[in-house]
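Asks: Take a look at the following structure, please.
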């Protein structure tokens with residue numbers, strides 16, 4: 001009787017039948033500010049950019065000098081800003097990232113008192129050739145947290161451009177190295193450094209969020225021509241392609257550098273034996289020039305005592321296009337002697353297997369600085385004590401080349417749109433390069449620790465609200481752990497072929513643009529031929545947690561009918577591990593889609609009930625907040 005009752009209950013549950021051919025309107029909640037973009041046709045309900053989609057961009061010409069003794073970074077820049085929007089812009093929002101160290105500003109991390117200063121010093125500011133007073137009481141310039149807002153005397157009309165010139169300087173922090181900074185007296189990673197025009201988009205207009213340490217990237221796809229002046233025998237690694245290697249490197253090292261771009265074997269451009277020799281052109285100062293196109297940001301690093309390994313790799317076999325991959329590191333960082341190879345194999349995997357899209361930029365350098373931080377064509381990584389850590393952080397930061405840089409996502413609002421992918425997509429290469437290391441199980445465990453707690457918030461809560469710092473449970477779970485699990489389960493649910501096809505369609509539609517979460521959801525829906533709201537809603541929009549339980553087991557006609565209950569609200573795969581009395585083991589798997597019809601319970605049949613010793617639910621890749629209800633022991637006589 002009980003079996004019949006549960007069977008009727010199961011089949012009697014409500015079912016949401018989705019017609020894969022007609023794709024009914026999505027049932028996902030859409031805020032009004034997002035909805036207006038679809039109403040204006042800048043975005044389309046099928047997941048494509050809308051017929052009225054637009055995007056602004058800029059060309060940057062920068063000349064900058066690094067003075068190691070004082071840690072002074074002094075530069076001048078000319079920006080040509082193109083207004084492709086339908087709006088007349090009456091203001092410009094300029095980011096002064098280094099104002100995070102400005103006295104009185106808010107920060108997500110404590111700052112060493114010696115690093116606090118008066119902010120980025122603006123020595124000259126001109127708009128369309130007209131000098132702007134930045135200091136007087138009636139100045140059209142306002143410094144607000146890390147933003148500088150300029151009221152334009154002449155508004156910038158649609159389909160027009162503006163010229164902005166600035167001279168500025170700041171002192172690199174010595175002790176508080178947030179994503180960039182000073183690593184010894186002659187080694188610096190210079191990021192978040194130049195005055196930069198903020199994004200003006202079809203959702204928020206100006207991106208006015210303050211930079212307080214946690215927020216990362218959201219930039220337009222811009223072009224850069226940057227000249228970096230450093231003292232003699234300093235090497236510079238940077239975003240872009242070195243335009244004048246023959247003007248800065250001695251012939252022997254120039255030849256090694258050029259060979260590294262051609263050979264798929266590691267070329268040791270600077271070895272320990274070379275330190276102390278004349279590596280650069282013998283000038284008091286050298287000017288290194290880098291050019292980069294269609295990148296959202298520019299960073300560089302300098303040192304006079306780093307080793308330099310590099311190699312080439314064909315990333316697109318159709319065209320033969322190659323990428324130069326390098327590692328720059330201190331002699332004492334023993335793990336970094338492998339980093340060029342780890343980086344190359346990671347890029348090979350990303351280009352050929354997953355996501356299976358050729359690496360989009362011509363250069364990549366992993367610089368041995370501190371922590372783990374991505375930027376276009378540059379990675380800033382500290383040295384790790386375990387090889388698994390080196391493999392993990394190297395591949396993770398390189399994956400960011402795709403998300404957010406190539407894809408242009410807004411990490412300030414939707415950190416999960418790049419961090420989640422950077423967690424999940426390298427799983428396979430991390431396990432290949434370091435056998436015995438299991439990042440899938442690790443990430444599942446990290447997520448479960450905070451799943452369902454009061455500090456866990458839905459992934460779709462804007463990252464700026466999650467706050468705290470990268471290690472705070474709310475932000476960490478929403479940006480890294482939970483989306484990493486969700487993307488992995490999505491791949492398992494759709495299968496590799498369909499998942500990859502959907503991911504490629506998403507990349508094809510939105511690279512070099514500014515996709516938002518709905519563009520991602522709707523593209524996957526259309527490619528899959530069905531609405532996936534049953535997955536998107538609980539995993540991304542709602543509070544909830546994963547918890548499956550063995551509710552009961554009924555034996556009938558030699559079979560065990562196992563009743564599985566979805567106690568939590570998140571759909572996850574079902575795995576039954578069956579142990580028999582004769583020591584035979586069996587596994588029964590069901591995908592997460594068994595919950596797509598809003599069922600709260602499913603029944604699974606297991607043969608040879610008389611020989612079953614135990615049934616255990618779950619596995620290391622399936623999150624479950626309560627494993628106490630996952631085991632059923634049989635009492636066989």
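Asks: Looking at 53, 81, 60, can you tell me which residue is more than 30 Å from residue 237 (Cβ to Cβ) and out of contact with any helix residue (DSSP H, G or I) (no Cβ under 6 Å at 6 or more places or on another chain)?
Replies: Exactly one of 53, 81, 60 is more than 30 Å from residue 237 (Cβ to Cβ) and out of contact with any helix residue (DSSP H, G or I) (no Cβ under 6 Å at 6 or more places or on another chain), namely 53.
Asks: Which condition number does residue 59 fail, the rest of (1) exposed (fewer than 15 other Cβ atoms within 10 Å of the Cβ); (2) modelled with pLDDT of 50 or more; (3) in contact with a strand residue (DSSP E or B) (Cβ under 8 Å, 6 or more places away or on another chain) being met?
Replies: (1)
Asks: Further question: Looking for something surrounded by fewer than 18 Cβ atoms within 10 Å (Cβ to Cβ), assigned to a loop (DSSP other than H, G, I, E, B) and out of contact with any strand residue (DSSP E or B) (no Cβ under 9 Å at 6 or more places or on another chain) - is there at least one such residue anywhere in region 500-508?
Replies: No, region 500-508 has no match at all.
Asks: Report yes if residue 554 is touching a residue at least 24 places away in the same chain (Cβ under 8 Å) and farther than 23 Å from residue 456 by Cβ, otherwise no.
Replies: The answer is yes for residue 554.
Asks: Please verify whether residue 508 is at pLDDT 95 or above and more than 25 Å from residue 48 (Cβ to Cβ), treating the condition exactly as stated.
Replies: It is false that residue 508 is at pLDDT 95 or above and more than 25 Å from residue 48 (Cβ to Cβ).
Asks: Is it fair to say residue 632 is farther than 28 Å from residue 448 by Cα and either without any contact (Cβ under 8 Å) to a residue 40 or more places away in the chain or surrounded by 14 or more Cβ atoms within 10 Å (Cβ to Cβ) (or both)?
Replies: Answer is no for this residue.
Asks: State yes or no: is residue 70 assigned to a loop (DSSP other than H, G, I, E, B) and at pLDDT 95 or above?
Replies: yes
Asks: Say whether the condition of being in contact with a helix residue (DSSP H, G or I) (Cβ under 6 Å, 6 or more places away or on another chain), surrounded by 23 or more Cβ atoms within 10 Å (Cβ to Cβ) and within 30 Å of residue 49 (Cα to Cα) is met by at least one residue in region 173-192.
Replies: There is at least one residue in region 173-192 that is in contact with a helix residue (DSSP H, G or I) (Cβ under 6 Å, 6 or more places away or on another chain), surrounded by 23 or more Cβ atoms within 10 Å (Cβ to Cβ) and within 30 Å of residue 49 (Cα to Cα).
Asks: Additional query: Give the number of residues within region 190-203 that are more than 18 Å from residue 148 (Cβ to Cβ) and assigned to a loop (DSSP other than H, G, I, E, B).
Replies: Looking only at that region, the number is 3.
Asks: Go through region 254-269 residue by residue and tally those that are assigned to a strand (DSSP E or B) and surrounded by 21 or more Cβ atoms within 10 Å (Cβ to Cβ).
Replies: 2
Asks: Of everything in region 346-363, what is out of contact with any strand residue (DSSP E or B) (no Cβ under 9 Å at 6 or more places or on another chain) and either surrounded by fewer than 17 Cβ atoms within 10 Å (Cβ to Cβ) or closer than 19 Å to residue 268 by Cβ (or both)? Give them in sequence order.
Replies: Of everything in region 346-363, those that are out of contact with any strand residue (DSSP E or B) (no Cβ under 9 Å at 6 or more places or on another chain) and either surrounded by fewer than 17 Cβ atoms within 10 Å (Cβ to Cβ) or closer than 19 Å to residue 268 by Cβ (or both) turn out to be 353, 356.
Asks: Kindly indicate which of 491, 531 is closer than 23 Å to residue 590 by Cα, in a loop (DSSP other than H, G, I, E, B) and touching a helix residue (DSSP H, G or I) at 6+ places or on another chain (Cβ under 6 Å).
Replies: Only one candidate qualifies: 531.
Asks: Based on what the data block shows, is residue 481 in a helix (DSSP H, G or I) and over 20 Å from the mean Cα position of the chain (by Cα)?
Replies: no
Asks: Kindly evaluate residue 287 against the criterion of being touching a residue at least 40 places away in the same chain (Cβ under 8 Å), assigned to a strand (DSSP E or B) and more than 16 Å from residue 245 (Cα to Cα).
Replies: Considered against the rule, which asks whether it is touching a residue at least 40 places away in the same chain (Cβ under 8 Å), assigned to a strand (DSSP E or B) and more than 16 Å from residue 245 (Cα to Cα), residue 287 comes out as no.
Asks: Can you tell me how many residues in region 591-626 are more than 15 Å from residue 561 (Cα to Cα) and free of Cβ contacts under 8 Å to residues at least 40 places away in the same chain?
Replies: 1
Here is a yes/no grid of residues against (1) within 20 Å of residue 568 (Cβ to Cβ); (2) over 17 Å from the mean Cα position of the chain (by Cα):
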position: 417; (1), (2): no, no
position: 424; (1), (2): no, no
position: 435; (1), (2): no, yes
position: 442; (1), (2): no, yes
position: 449; (1), (2): yes, yes
position: 459; (1), (2): yes, no
position: 462; (1), (2): no, no
position: 472; (1), (2): no, yes
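Asks: Then there's this: Take the residues in region 577-604 that are in a strand (DSSP E or B) and within 18 Å of residue 635 (Cα to Cα), then tell me which one is farthest from the chain's Cα centre (by Cα).
Replies: Applying the filter and picking the extreme gives 580.
Asks: Conditions: (1) over 24 Å from residue 190 (Cβ atoms); (2) free of Cβ contacts under 8 Å to residues at least 40 places away in the same chain; (3) crowded, with 19+ Cβ neighbours inside 10 Å. Residue 393 meets all but one. Number of the miss?
Replies: (1)
Asks: Under the condition of being out of contact with any strand residue (DSSP E or B) (no Cβ under 6 Å at 6 or more places or on another chain) and on the phi < 0 side of the Ramachandran plot, which residue from region 596-606 is modelled with the highest pLDDT?
Replies: Step by step, filter region 596-606, then rank; the result is 596.
The values are calculated or read from the model by the stated rules, or taken from the named source; none is laboratory data. None of the values given here were measured: they were computed from a predicted structure. Don't worry about glycine lacking a Cβ; one is built from the backbone with ideal geometry, like all the others, and counts go over all protein chains shown.
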